[in-house]
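The values are calculated or read from the model by the stated rules, or taken from the named source; none is laboratory data. It should be emphasised that the depicted structure is a prediction, and the values quoted were computed from it without experimental measurement. So basically every Cβ, Gly included, is an ideal-geometry build from the backbone, and we count neighbours across all protein chains shown. Protein only, heavy atoms only, side chains kept; ligands, DNA and RNA dropped before computing areas. Shrake-Rupley method; radii C 1.70, N 1.55, O 1.52, S 1.80 Å.
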Amino acid sequence: MTELTNSTNPPDPTVPQTLFNVRGLTAVITGGSGVLGSVMALALAKAGVRVAILSLHAASSAKVVEAIQAENGEAIGIACDVVQRTDLERACTEVLKTFGPIDILINAAGGNSPQATTSVERSFFDLDLQGVDSVFGLNFMGTFLSCQVFGRGMAERGQGCIVNVASMNALRPLTRIPAYSAAKAAVANFTQWLAVHMAREYRSQIRVNAIAPGFILTERGQSIIAHTPAGRFGTPEDLVGTLLWLVSPASAFVTGVVIPIDGGFSAYSGV
């Protein structure tokens, strides 16, 4: 009988253990201390990925690093403002020095602001321009700049994987949050553009995709549940399976897609 462990043949990509193997890779996660980013960071670390946690404050990233190290994972925390290119470049240098080449970039930094949200007290016509600009900048420009800074090394090496975090708002604009919806729609569009650009201008081994989480935390309660065939809100852990697929060899022929993880919300017409 052939001894598989002594074979000189390359790993069979149809074997699940090889198909989803990401052990030894290095990932950078912006917004890595957030509700979604921290869960993704912990999941990648458990899979054997070395993780760099980028967040606005060192203290918040340190908590995620501690949680990863408590499970014998490898991680570093870096304070970084994703809309500041100099911060991103400094972070990139630190990751390269600590872990070496970056294989995976996950852009999870984002959020909304009351100043960019319509309400009974604040009409669309009175939205604060600075608030709108801040929301658009964090969600879109933060993703754009991170792809520039961390994607350069991928282009030079001819390999890498980028996963952007879009939103249901990118597919179906929701009421009251025009800046956030527009920014996430821009992230989805940019994901497709960058996927083509990287494959055509550099190498097809550089893949760019996005996930569009459904409703994880919300105050819209019953209205959302009524339009979600799965009949429940999502949890951050619901994103992990798709994320691990997208960053692994299992999705080698997948690029330029925005994958809803929404319990069927985006597919439901209401009738």
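Just how large is the dipole of segment 69-219 about the Cα centre, in debye to the nearest 20, putting +1 at every Lys and Arg Cβ and -1 at every Asp and Glu Cβ?
Here segment 69-219 has a charge dipole of around 520 debye.
From the backbone phi of segment 82-96, what are the Karplus-calculated ³J(HN,Hα) couplings (6.51 cos²θ - 1.76 cosθ + 1.60, θ = phi - 60°) in whole Hz, Gly and Pro given as x?
Calculated HN-Hα couplings, in order: 5, 9, 10, 4, 5, 4, 5, 5, 5, 4, 4, 4, 5, 5, 4 Hz.
What does the charge dipole of segment 134-271 about its Cα centre add up to, to the nearest 20 debye, if the Cβ of each Lys and Arg holds +1 and the Cβ of each Asp and Glu holds -1?
Approximately 220 debye in magnitude.
In the chain, with Lys and Arg counted as +1 and Asp and Glu as -1 at Cβ, which of these residues, G110, V35, A155, has the Cα nearest the positive end of the dipole, that is, farthest along it?
The Cα lying farthest towards the positive end belongs to A155.
Of all accessible surface on the chain at a 1.4 Å probe, what whole percent is carbon and sulfur?
55 percent
Can you give the helix-only mean residue ellipticity at 222 nm for the chain, where every DSSP H stretch with n ≥ 4 adds -39500 (n - 2.57) and the sum goes over all residues, rounded to the nearest 500 deg cm²/dmol?
Value at 222 nm, helices only, nearest 500: -12000 deg cm²/dmol.
When a/c is below 1.5 the answer is rounded, else prolate if a/b is larger than b/c, else oblate, so apply that to segment 165-261 with a ≥ b ≥ c taken from the square roots of the Cα gyration tensor eigenvalues.
Cα axes put segment 165-261 in the oblate bin.
Among the lysines, which have Cα under 16 Å from the Cα of K184 when same-chain residues fewer than 8 positions away are ignored?
Counting by Cα, and skipping residues close in sequence, K184 has no lysines nearby.
Quickly rank 132-141, 199-208, 33-42, 103-112 as a protection proxy: mean count of other C-beta atoms within 10 Å, highest first.
For the peptides 132-141, 199-208, 33-42, 103-112, the packing ranking is 103-112, 33-42, 132-141, 199-208.
Classify the chain as rounded, prolate or oblate, taking a ≥ b ≥ c as the square roots of the eigenvalues of its Cα gyration tensor: rounded when a/c is under 1.5, otherwise prolate if a/b is larger than b/c and oblate if not.
prolate
Return the sequence-ordered ³J(HN,Hα) values of segment 63-73 in whole Hz as given by the Karplus equation 6.51 cos²θ - 1.76 cosθ + 1.60 applied to θ = phi - 60°, using x for Gly and Pro.
With coefficients 6.51, -1.76 and 1.60, one gets 5, 5, 4, 4, 5, 5, 5, 5, 9, 6, x Hz.
Rounded to the nearest 20 Debye, what is the dipole magnitude of the chain about its Cα centre when Lys and Arg each give +1 and Asp and Glu each give -1 at the C-beta?
320 debye
Checking the cross-link filter: which lysines have an alpha carbon closer than 23 Å to that of K97, excluding same-chain neighbours under 8 positions apart?
Straight-distance partners of K97: K46, K63.
Which of Q130, G73, S181 sits farthest toward the positive end of the charge dipole of the chain, with +1 on the Cβ of Lys and Arg and -1 on the Cβ of Asp and Glu?
Sorting the options by dipole projection puts first S181.
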